[in-house]
Amino acid sequence: MYNKVAWNQYDAAERVELNTFAQEYKQFLDHGKTERECVTEGVKLLESKGFISLDKAGTLKPGDRVYVEWMHKDLMAFVIGKRPLSDGMNILGAHIDSPRIDVKQNPVYEDDGIAYLDMHYYGGIKKYQWVAQPLALHGVIVRKDGTKVTLALGEDDADPVFYISDLLIHLAQEQMEKKAGKVIEGEELNLIIGSEPASGEEKEAVKKALLTLLKDEYGIEEEDFLSAELEVVPAGKSRDLGFDRSMIMGYGHDDRVCAYPSLRAVADFSGMPERTLCAILTDKEEIGSVGATGMNSHFFENVCAELMEAAGVSGEIHLRRMLRNSCMLSSDVSAGFDPNFAGVFERKNAAFIGHGICFNKFTGSRGKSGSNDANAEFVAQVRRIMDDNDVDFQTAELGKVDVGGGGTIAYMCAKYGMNVIDAGIAVLSMHAPYELISKADLWEAYKAYLAFLKDADNQ
């Protein structure tokens with residue numbers, strides 16, 4: 001149903017299902033604060049549902065359930081359908097990277113008795129939002145011999161947390177006169193990691209003490225930071241919000257709130273699908289989908305070629321037909337209408353919290369720059385699927401025409417000729433350390449993704 005309040009449609013039994021799904025999503029969100037952690041959690045989920053790695057599957061046949069993990073940062077899941085792969089797939093594609101602050105390669109230094117890690121932010125953030133709050137350190141450090149140290153410090157009650165300091169209000173007269181983008185500069189995002197000096201040392205005593213601690217506890221040398229991927233994220237768990245617990249506050253809703261129901265929809269699909277089903281969880285969307293793990297690379301195309309080979313089909317033309325005949329929901333979030341900042345939205349074309357999954361025919365900025373702009377015929381098919389399956393949905397643009405905009409992975413997949421439309425969840429405070437979503441929208445997205453997998457057809 002179009003633009004209805006989703007909560008009004010639920011009976012008692014469906015509300016139980018909704019809240020159970022929300023709790024399961026929160027667990028995924030809390031354990032998946034980085035793209036690597038999301039892949040690890042995703043593989044656990046898939047294997048619990050009978051999926052096996054493609055490289056162990058042998059010859060594929062209809063009904064087989066396989067997954068591919070790429071560089072520990074991308075995950076693809078497939079359920080092989082009855083029809084030939086060249087007939088195309090029904091695809092759900094989301095990203096699992098989120099805005100954060102990354103540790104630089106030469107990060108450790110001391111300044112007037114305080115030890116720091118030097119940082120570089122990742123993705124679009126308001127830098128002032130990341131100071132004066134507890135932060136956690138997640139990621140991997142890879143030694144020269146290839147062995148890894150995995151860190152997730154700051155999440156357990158017994159863990160230490162980390163911190164980026166802000167200027168006290170008593171001395172902040174000049175700071176408060178700056179524009180918001182300059183209140184905290186990028187080079188001021190320095191993470192405090194300690195202050196206790198090594199005994200008997202006069203120069204850089206705190207830094208030396210910490211490097212000794214890192215070597216003793218983790219086997220890490222200072223030089224090992226050169227080959228590390230360490231991400232600083234808000235410490236703590238996602239939480240129900242409101243007296244009615246109707247919303248979830250958490251880090252990384254963009255875009256894990258779409259990635260999780262996308263993966264669950266493929267994993268939970270029962271029976272034998274007509275067309276092959278696919279979920280893609282990809283990396284690097286927040287910085288332009290670049291690199292070997294971003295959607296602009298050929299990793300997905302390469303995996304599709306491997307899939308066809310395992311199904312006994314080879315040849316470039318069959319791969320091209322498979323990609324061309326596929327159709328996809330680019331599962332990404334949309335800007336939720338915020339009454340506190342109503343002036344940047346155009347109400348008739350805004351996404352409202354609690355009104356179900358949101359479809360963006362186009363994203364981009366201003367003159368639709370960088371947009372996919374889905375075909376009207378495909379939009380009509382999606383509308384029919386939602387109505388036939390009693391899914392509450394809405395449509396939106398990303399704010400007023402000349403105010404701003406944003407992009408997704410949609411146009412990168414559309415380059416194959418497949419039909420693609422953005423389909424995700426309205427988020428308040430997007431890209432803040434803690435974002436806000438409705439449990440009803442999360443549930444409707446899951447229902448929408450299941451319906452699309454079952455009924456979409458590009459033939």
Checklist entry - Which pairs, out of Lys127/Lys148; Lys33/Lys207; Lys33/Lys208; Lys284/Lys415; Lys73/Lys104, put more than 22 Å between their alpha-carbon atoms? => result Lys127/Lys148; Lys33/Lys207; Lys33/Lys208
Checklist entry - When each pair of different Cα atoms in the range 329-444 is counted once in the 1/r mean, what is the Kirkwood radius in angstroms, to one decimal? => result 14.4
Next on the checklist: Is there a quick way to get the dipole size of the chain? I mean about its Cα centre, with the Cβ of Lys and Arg at +1 and of Asp and Glu at -1; what is the value in debye to the nearest 20?
Outcome noted: 1740
Checklist entry - What are the principal axis extents of the Cα atoms in the chain, in Å, biggest first? => result 74, 53, 44
Checklist entry - Roughly speaking, what is the centre-to-centre gap between the range 207-245 and the range 21-44 when only Cα atoms are used, to the nearest Å? => result 18
Item to check | the range 116-160 - accessible surface per residue (Å², probe 1.4 Å) | outcome: 49
Checklist outcome for this item: Note, the range 102-116: 3J(HN,Hα) by Karplus (6.51, -1.76, 1.60, θ = phi - 60°), whole Hz, Gly/Pro = x, goes 9, 7, 5, 6, 10, x, 7, 8, 10, 9, 6, x, 10, 9, 10
Checklist entry - Taking the Cα atoms of the range 188-251, what is the range of coordinates along each of the three principal axes, in descending order and whole Å? => result 57, 26, 25
Next on the checklist: Tell me the mean residue ellipticity at 222 nm calculated for the chain from its helices only (DSSP H runs of n ≥ 4, each -39500 (n - 2.57), averaged over every residue, nearest 500).
Outcome noted: -8500 deg cm²/dmol
Item to check | Solvent exposure of the range 384-438 as accessible area per residue, Å², 1.4 Å probe | outcome: 34
Item to check | Cα extents of the range 134-278 along the three principal axes, largest first (Å) | outcome: 71, 50, 29
Next on the checklist: Let me check against my output: what whole-number percent is the relative contact order of the range 81-173, with C-alpha pairs under 8 Å and at least 6 apart?
Outcome noted: 19
Checklist outcome for this item: For the range 1-155, averaging the sequence separation of alpha carbon pairs under 8 Å that lie six or more residues apart and dividing by its residue count, the contact order in percent is 13
Item to check | In sequence order, calculated HN-Hα J values of the range 371-378 (Karplus, 6.51, -1.76, 1.60; Hz; x Gly/Pro) | outcome: 9, 7, 6, 4, 5, 4, 4, 6
Item to check | Inter-part distance where the range 255-290 and the range 319-369 are each reduced to a Cα centre, Å | outcome: 17
Next on the checklist: Which order do the peptides 405-413, 438-446 come out in when sorted by mean C-beta neighbours inside 10 angstrom, highest first?
Outcome noted: 438-446, 405-413
Checklist entry - Using modelled backbone amide H atoms (1.01 Å from N, in-plane), which distant-in-sequence or interchain residues come within less than 5 Å of Cys358's amide H? => result Gln394, Gly424, Ile425, Ala426
Checklist outcome for this item: What one gets for the range 104-213 as the Kirkwood radius, inverse of mean 1/r over different Cα pairs in Å, is 15.9
Checklist outcome for this item: Counting only residues 5 or more apart in sequence or on a different chain, those whose built amide H sits under 5 Å from that of Ile101 are Tyr122, Val232
Next on the checklist: Report the gain in length on full extension from Tyr218 to Gln173: 0.36 nm times residue separation, minus Cα-Cα distance, nm rounded to one decimal.
Outcome noted: 11.9 nm
Checklist entry - Going toward the positive end of the dipole of the chain, with +1 on Lys and Arg Cβ and -1 on Asp and Glu Cβ, which of Gly200, Asn296, Cys278 do you reach last? => result Cys278
Item to check | Stokes-Einstein D for the range 384-459, Kirkwood Rh over Cα pairs, 25 °C, 0.890 mPa s (µm²/s) | outcome: 168
Checklist entry - Roughly to the nearest percent, how much of the accessible area of the chain is carbon and sulfur, given a 1.4 Å probe? => result 51
Next on the checklist: Distance cut-off 29 Å, Cα to Cα: go down the list Lys178/Lys361; Lys361/Lys454; Lys144/Lys182 and report the pairs above it.
Outcome noted: Lys178/Lys361; Lys144/Lys182
Checklist entry - Counting alpha carbon pairs within less than 8 Å and at least 6 residues apart, what relative contact order, in whole percent, applies to the chain? => result 24
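The values are calculated or read from the model by the stated rules, or taken from the named source; none is laboratory data. Small disclaimer: the values here were computed from a predicted structure and weren't measured. With ideal geometry, Cβ positions are generated from the backbone for all residues, glycine too; neighbour counts draw on all protein chains shown. When the accessible area is computed, the model is the full protein with side chains, heavy atoms only, and any ligands, DNA or RNA have been set aside. Shrake-Rupley method; radii C 1.70, N 1.55, O 1.52, S 1.80 Å.
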